[in-house]
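Asker: I'd like to ask some things about the structure below.
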Protein chains: 2
Amino acid sequence: MSDPASELASDAAAFRQFSRFYTSYIGALEPDHQGSAVSLTEMRLLYEIAHRDGPTAGELSAAMQVDPGYVSRLLKGFRDRGWIEAAPDAADGRVRRLSLTEHGRASFAPMYDRANAVAAEFLAGLAPGDRSRLLTAMATIRGILDPSEPSAAPYLLRPHRPGDMGAVIAAHGRLYADEYGFDLSFEALVARIAADFIDGFDPARHCCWIAERDGGVVGSVFVVDADETTAKLRMLFVDERARGLGIGKRLTEEAIRFARSAGYRRMTLWTNDILIAAREIYRKAGFDHVASEPLNAFGVSMVAETWERDL
Amino acid sequence: MSDPASELASDAAAFRQFSRFYTSYIGALEPDHQGSAVSLTEMRLLYEIAHRDGPTAGELSAAMQVDPGYVSRLLKGFRDRGWIEAAPDAADGRVRRLSLTEHGRASFAPMYDRANAVAAEFLAGLAPGDRSRLLTAMATIRGILDPSEPSAAPYLLRPHRPGDMGAVIAAHGRLYADEYGFDLSFEALVARIAADFIDGFDPARHCCWIAERDGGVVGSVFVVDADETTAKLRMLFVDERARGLGIGKRLTEEAIRFARSAGYRRMTLWTNDILIAAREIYRKAGFDHVASEPLNAFGVSMVAETWERDL
DNA sequence: GAATTTATTTGCTAAAAGCATGTAAGTTAG
DNA sequence: CTAACTTACATGCTTTTAGCAAATAAATTC
């Protein structure tokens with residue numbers, strides 16, 4: 001597993017195994033096209049015609065990776081059945097813009113609905129949590145394989161809810177242990193801070209933002225009060241796997257926005273010299289480094305830093 | 001979106017859209033079978049023969065949902081090429097058990113490897129984070145759609161390490177909120193217990209077991225000291241998705257074993273009347289219910305119970 | 001305006017896969 | 001123990017699916 005080449009090979013095997021599984025699974029789930037009025041390819045073609053704006057035959061052939069001659073033949077069949085009509089293009093006399101007729105739409109809809117109904121029935125049989133996990137996972141795969149479909153936001157900011165504090169604690173513990181060699185006592189400290197946050201939570205003065213991606217917590221930021229007019233930013237983190245999306249910047253901005261609207265006049269935060277990426281985010285967000293002191297904690301030596309900015 | 005029926009319908013549409021996308025995507029990715037020695041179906045068939053133990057033609061036809069006649073014909077082709085051999089069954093003279101010959105294995109391997117190599121090359125082109133997200137998402141889908149394949153590795157017990165306390169806290173918070181309606185203050189309580197455990201950790205007197213499965217924490221148990229001769233079992237949990245594997249029983253046994261070897265003479269634990277499954281585990285592990293008192297906490301009314309056993 | 005390119009159609013063909021029937025081996029009712 | 005039925009696989013025949021290559025017609029380039 002440590003050898004990158006063999007890891008890649010086993011990933012490839014897993015990938016293909018999934019594909020094999022999925023295609024056969026879907027084959028079993030899709031209503032039987034055997035003997036039905038339209039084949040699966042015809043169905044796809046109709047779908048594309050319905051969901052594009054006046055496509056041409058060539059466009060469909062290219063998009064679906066189907067032989068143009070075959071597409072032409074299938075379209076002829078649709079025309080014979082009165083499902084589509086082909087309007088000559090104003091600019092180019094060779095191409096013909098295709099669209100479903102009323103009759104085509106009426107014929108296609110029930111076929112499409114029937115297939116969807118089978119899928120819906122299947123989904124309804126799943127536990128609600130599984131259903132959303134399934135669709136999230138599908139969106140994830142789609143987002144990775146098909147960059148043209150940026151499928152909604154790559155991440156989501158939301159307030160905290162049960163399970164989040166633990167996730168934030170776990171992420172801090174793992175991250176700081178892996179990257180900076182902190183020992184377990186750091187995770188204990190974070191756990192206490194999180195517990196204090198919950199027990200003393202005052203929505204007017206405190207706030208927590210959780211960054212979520214693929215159903216998992218990938219970032220957080222907390223705002224608590226240092227004194228009457230000073231807010232304190234705490235526990236900012238972004239998971240390694242979600243970096244480069246601007247999540248850290250966004251969380252910091254949201255924290256500042258909240259602090260301002262809650263009436264604080266200054267904001268302070270505590271960090272240290274080894275957290276290079278975080279320092280950069282703070283600097284760009286308008287914080288200044290105002291004090292330093294050496295610190296031995298969590299089994300590591302570092303320089304603790306205080307940063308501040310006016311709001 | 002608030003209407004459950006229309007939500008289900010849109011989920012179904014998303015589900016099918018993904019399937020459409022994925023099958024066409026995979027079709028494009030698989031090496032071109034056009035003109036190649038074997039068709040995709042032949043490839044699947046060879047794969048099934050290689051990965052089953054002496055399958056029969058009928059078995060393959062049923063599993064792959066392919067016409068028996070067609071399967072028979074394809075098998076004949078394989079036999080003609082010397083790729084498979086058919087041994088008559090001892091019990092039933094009609095059936096013939098199939099297996100790859102050496103030559104068949106040698107012919108199949110490169111085809112299979114080539115397909116895997118294409119997949120590997122594709123995966124190598126992805127960002128490393130995307131690759132792991134992709135495979136995780138695939139495993140998620142597979143786990144939901146195909147519960148019969150609950151991954152090879154059942155589970156693993158190990159001591160705690162960075163990130164585990166947070167995971168345990170998160171699991172408690174989520175689980176008790178979902179199943180019993182506990183509010184956030186419960187998660188804060190668990191966080192404090194976990195923090196205290198780490199800060200006061202004494203390997204001779206305390207212990208923590210983490211149950212891990214597919215790289216995630218799916219269960220835990222803690223042993224701390226109540227007094228000189230009494231051990232206290234705490235924070236036993238098993239994730240919903242890992243139930244039925246005997247993890248709860250196993251964790252409890254390990255906790256008892258540790259307590260005994262650490263020299264404790266009694267073991268006590270605190271639970272409540274609504275945790276039916278946990279109570280059953282404690283009962284079977286030899287604990288007796290010795291005291292009850294009503295409790296209002298975490299936004300819920302319950303009856304707190306103390307259980308004990310000698311070691 | 002001839003040559004070339006592009007969008008679509010059509011003739012031909014091959015592969016893929018199903019249906020119906022056949023055959024031999026096994027099972028069961030009388 | 002046989003006749004009737006069932007099961008597992010094989011074969012003949014056919015349909016469906018889909019590709020290649022050449023044809024046609026409009027558009028573009030030289």
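Asker: Just to be sure before I move on: is A:Glu253 farther than 17 Å from B:Arg192 by Cβ and of a type in the set (Asp, Glu) in the structure I sent?
Answerer: Working: farther than 17 Å from B:Arg192 by Cβ: yes; of a type in the set (Asp, Glu): yes.
Yes.
Asker: Is it fair to say B:Ser61 is within 15 Å of DNA strand C (Cβ to nearest atom) and at pLDDT 90 or above?
Answerer: Values: within 15 Å of DNA strand C (Cβ to nearest atom): yes; at pLDDT 90 or above: yes.
Yes.
Asker: Any idea which of (1) away from chain A (no Cβ under 14 Å); (2) buried (at least 22 other Cβ atoms within 10 Å of the Cβ); (3) touching an Asp or Glu at 6+ places or on another chain (Cβ under 9 Å) is the one B:Thr230 doesn't satisfy?
Answerer: Failing condition for B:Thr230: (2).
Asker: Checking A:Ser185 against (1) more than 28 Å from the chain's Cα centre (by Cα); (2) free of Cβ contacts under 8 Å to residues at least 60 places away in the same chain, which test does it fail?
Answerer: The single condition A:Ser185 does not satisfy is (2).
Asker: Now, a different point. Take A:Gly173 and decide whether it is within 11 Å of chain B (Cβ to nearest Cβ) and free of Cβ contacts under 8 Å to residues at least 24 places away in the same chain. Don't jump to the end; show me each part of the working.
Answerer: Values: within 11 Å of chain B (Cβ to nearest Cβ): yes; free of Cβ contacts under 8 Å to residues at least 24 places away in the same chain: yes.
Answer is yes for this residue.
Asker: Residue by residue through segment A:254-302, note down the ones that are surrounded by fewer than 17 Cβ atoms within 10 Å (Cβ to Cβ) and among the charged types (D, E, K, R).
Answerer: Of everything in segment A:254-302, those that are surrounded by fewer than 17 Cβ atoms within 10 Å (Cβ to Cβ) and among the charged types (D, E, K, R) turn out to be A:Glu254, A:Arg257, A:Arg260, A:Arg265, A:Arg266, A:Asp273, A:Glu280, A:Arg283, A:Lys284, A:Asp288, A:Glu293.
Asker: With respect to B:Pro203, determine if the residue is at the interface with chain A (Cβ under 7 Å from one of its Cβ atoms) and part of a loop (DSSP other than H, G, I, E, B).
Answerer: no
Asker: I'm told A:Arg81 meets every condition in (1) modelled with pLDDT of 90 or more; (2) away from DNA strand C (no atom under 16 Å from the Cβ) except one. Can you identify the failing condition by its number?
Answerer: Status for A:Arg81: all satisfied but (2).
Asker: On the basis of being within 16 Å of DNA strand C (Cβ to nearest atom), surrounded by 14 or more Cβ atoms within 10 Å (Cβ to Cβ) and more than 7 Å from chain B (Cβ to nearest Cβ), does A:Arg161 make the cut? Reasoning before the result, please.
Answerer: Details: within 16 Å of DNA strand C (Cβ to nearest atom): no; surrounded by 14 or more Cβ atoms within 10 Å (Cβ to Cβ): yes; more than 7 Å from chain B (Cβ to nearest Cβ): yes.
No, not satisfied.
Asker: Another question about this same structure. Please indicate, with yes or no, whether at least one residue in segment A:189-197 is within 9 Å of chain B (Cβ to nearest Cβ) and at pLDDT below 95.
Answerer: no
Asker: Starting from segment B:62-86, take each residue that is within 14 Å of chain A (Cβ to nearest Cβ) and list its partners that are among the polar types (S, T, N, Q) and not in a loop (DSSP other than H, G, I, E, B), counting only C-beta distances under 6 angstrom and pairs at least six apart or across chains.
Answerer: none
Asker: (1) out of contact with any strand residue (DSSP E or B) (no Cβ under 7 Å at 6 or more places or on another chain); (2) assigned to a strand (DSSP E or B): which one isn't true of A:Phe237, the others all being true?
Answerer: Going through the list (1) out of contact with any strand residue (DSSP E or B) (no Cβ under 7 Å at 6 or more places or on another chain); (2) assigned to a strand (DSSP E or B), A:Phe237 breaks only (1).
Asker: Filter segment A:61-111 for residues that are in a helix (DSSP H, G or I), in contact with a helix residue (DSSP H, G or I) (Cβ under 7 Å, 6 or more places away or on another chain) and within 22 Å of B:Ser19 (Cβ to Cβ) and give the result.
Answerer: A:Ser61, A:Ala63, A:Met64, A:Val71, A:Leu74, A:Phe108, A:Met111, listed by residue number.
Asker: With the requirement that a residue be more than 6 Å from DNA strand D (Cβ to nearest atom) and either surrounded by 14 or more Cβ atoms within 10 Å (Cβ to Cβ) or among the aromatic types (Phe, Trp, Tyr) (or both), what does segment B:64-76 give you? It would help to see each step written out before you state the result.
Answerer: Start the filter on segment B:64-76 by keeping residues that are more than 6 Å from DNA strand D (Cβ to nearest atom), which leaves B:64-67, B:70-71, B:74.
Matches in segment B:64-76: B:Met64, B:Val66, B:Tyr70, B:Val71, B:Leu74.
Asker: Restricting attention to segment B:176-185, report how many residues are in a helix (DSSP H, G or I), at the interface with chain A (Cβ under 8 Å from one of its Cβ atoms) and not hydroxyl-bearing (Ser, Thr, Tyr).
Answerer: Going residue by residue through segment B:176-185, those that are in a helix (DSSP H, G or I) are B:176-180, B:184-185.
If we keep only those that are at the interface with chain A (Cβ under 8 Å from one of its Cβ atoms) too, we end up with B:176-178, B:184-185.
Pick out the ones that are also not hydroxyl-bearing (Ser, Thr, Tyr) and you get B:177-178, B:184.
Total meeting the criteria: 3.
Asker: A follow-up question, please. Please find, among A:Ser99, A:Ser107, the residue that is more than 16 Å from DNA strand C (Cβ to nearest atom), at pLDDT 80 or above, surrounded by 13 or more Cβ atoms within 10 Å (Cβ to Cβ) and over 32 Å from the mean Cα position of the chain (by Cα).
Answerer: Working: A:Ser99 fails: more than 16 Å from DNA strand C (Cβ to nearest atom).
Of A:Ser99, A:Ser107, the one residue that is more than 16 Å from DNA strand C (Cβ to nearest atom), at pLDDT 80 or above, surrounded by 13 or more Cβ atoms within 10 Å (Cβ to Cβ) and over 32 Å from the mean Cα position of the chain (by Cα) is A:Ser107.
Asker: While we're on this one: Taking B:Val217 as the residue in question, decide whether it is within 14 Å of chain A (Cβ to nearest Cβ), aliphatic (A, V, I, L, M) and assigned to a strand (DSSP E or B). Break it down stepwise before answering.
Answerer: On the way: within 14 Å of chain A (Cβ to nearest Cβ): yes; aliphatic (A, V, I, L, M): yes; assigned to a strand (DSSP E or B): yes.
So B:Val217 passes the test.
Asker: I'd like the residue in segment B:25-52 that is at pLDDT 70 or above and more than 16 Å from DNA strand C (Cβ to nearest atom) and, out of all such residues, is surrounded by the fewest Cβ atoms within 10 Å (Cβ to Cβ).
Answerer: In this case the residue turns out to be B:His51.
The values are calculated or read from the model by the stated rules, or taken from the named source; none is laboratory data. Predicted model only: the values in this text are computed from it and were never measured. No Cβ is skipped: glycine too gets one built from the backbone with ideal geometry, and neighbour counts run over all protein chains shown.
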